[in-house]
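The values are calculated or read from the model by the stated rules, or taken from the named source; none is laboratory data. Every value quoted in this text rests on a predicted model; they were computed, and no experiment measured them. Cβ: placed from backbone, ideal geometry, glycine included. Neighbour counts: every protein chain shown.
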Amino acid sequence: MRTLSEAGKAWKIAATVVLVTVLAVGCGGAGGGSAEQVTLRLTHQWPKATPQEGDFRAVLAERFKKQVEQETNGQVKIEIAPAESLVPADEQYESITQGATDMSVFPLDYGAGSVPAFSITLMPAMVSNHAQAQNYQDAEIGKEVEKLTEENDIKILTWIWNAGAIGVRKGDPITSPDDVQEGTTTRAAGVQVEALLESIGLGISSMPSSEIYNGMQTGTLDSAITSASSFSSYRLYEQVESYTSPTENTFWFMFEPLIIGTKQFEELTPEQQDIVEKAGQDLQEYAYTASEQDDMRVEKQFENNGVTIAKINDADFEKWQQVSEPIWDDFAKEIEGGQKLVDLAKEVPAQ
């Protein structure tokens, strides 16, 4: 398990207070509690949004809150803490499983320090486009991911996938591994993605996506890889000269679902559980459509701000797959159950 930052220690101190609060509002035991008011704390790392406007992942959280509160007549209230205001981005999994918070729109690989197998949802060049990402949910790999999360105390309510882009502070875009300049430093989320980038000569500076702007401004970063949506939300068009858009292919696809702790879910009444699950399911089409549309919106936004736009064609994507295969092999050998996960992920069609 990774070491908690000083900022992250606050939620651990607050855990006892939160648990006492849950007991005080009368949230019952597994599947059969009272109907008194319950408050669920939902955290995420993106700027605050409304149900109509903002980063689509934050918008989804607001829409979930609105639907649950309406359909439970206020019995279940959702308190949203955006922009890492309550918990650092990479500590949200631990905060849920330890009872300090209850829900998140969460990049699952951020929990890989505790559950290394979570990295199957951010394996470099394993997913190339939105169609393939969306096929995971009903494929055998999707069943394994759901089993894996529930065995590790979280439940998926809405499947969310984000395509990744590459921004270069100064110089030509990166579309192929051949474009990488050895000795330069980048930021990318994901244990396996970082291993890939190091293998082709890049230095890694680990930081949350909210710190990329400052990293580029100070020259700490020469490039960065994060979701297209985050490139927009953090105004990175002000810092990069070139932008490799994921609208054709990308080697970075991240699973960022809406989740709830299984213990917290089981403490809801059966009726409340049904409403929470339905709200998550009702947002599924929005999650898929908004993510895909956001890639096109962000590409246009960067182009309008004078940034050079590039794309990864099929030939270049094959090169990314070639350099990624040793990373897949290492994951399969080193992670318990890793070979099965890799084999099932390879079966998911790209169309």
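Would it be correct to say that Asp222 is closer than 29 Å to Asp316 by Cα, free of Cβ contacts under 8 Å to residues at least 60 places away in the same chain and surrounded by fewer than 23 Cβ atoms within 10 Å (Cβ to Cβ)?
Taking the combined requirement at face value, the residue satisfies it.
Counting residues that are hydrophobic (A, V, I, L, M, F, W, C) and under 21 Å from the mean Cα position of the chain (by Cα), which strands (runs of 3 or more DSSP E) fully inside region 218-264 reach at least 3?
Counting at least 3 such residues, we get 253-255, 258-261.
For region 267-291, enumerate the residues that are among the acidic types (Asp, Glu), in a helix (DSSP H, G or I) and in contact with a helix residue (DSSP H, G or I) (Cβ under 8 Å, 6 or more places away or on another chain).
Asp282
Table: residues versus (1) in the same structural domain as Leu60 (by TED's automatic domain parsing); (2) closer than 11 Å to Ala163 by Cβ; (3) crowded, with 22+ Cβ neighbours inside 10 Å; (4) modelled with pLDDT under 95.
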site	(1), (2), (3), (4)
Gln239	no, no, no, no
Thr247	no, yes, no, no
Glu271	yes, no, no, no
Asp274	yes, no, no, no
Lys300	no, no, no, no
Gly306	no, no, no, no
Ala310	no, no, no, no
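Is region 39-59 home to any residue that is assigned by TED's automatic domain parsing to the domain that holds Lys155, surrounded by 16 or more Cβ atoms within 10 Å (Cβ to Cβ), touching a helix residue (DSSP H, G or I) at 6+ places or on another chain (Cβ under 8 Å) and over 25 Å from Glu292 (Cα atoms)?
yes
Restricting attention to region 313-349, report how many residues are surrounded by fewer than 12 Cβ atoms within 10 Å (Cβ to Cβ) and outside any helix (DSSP H, G or I).
Qualifying residue count, region 313-349: 3.
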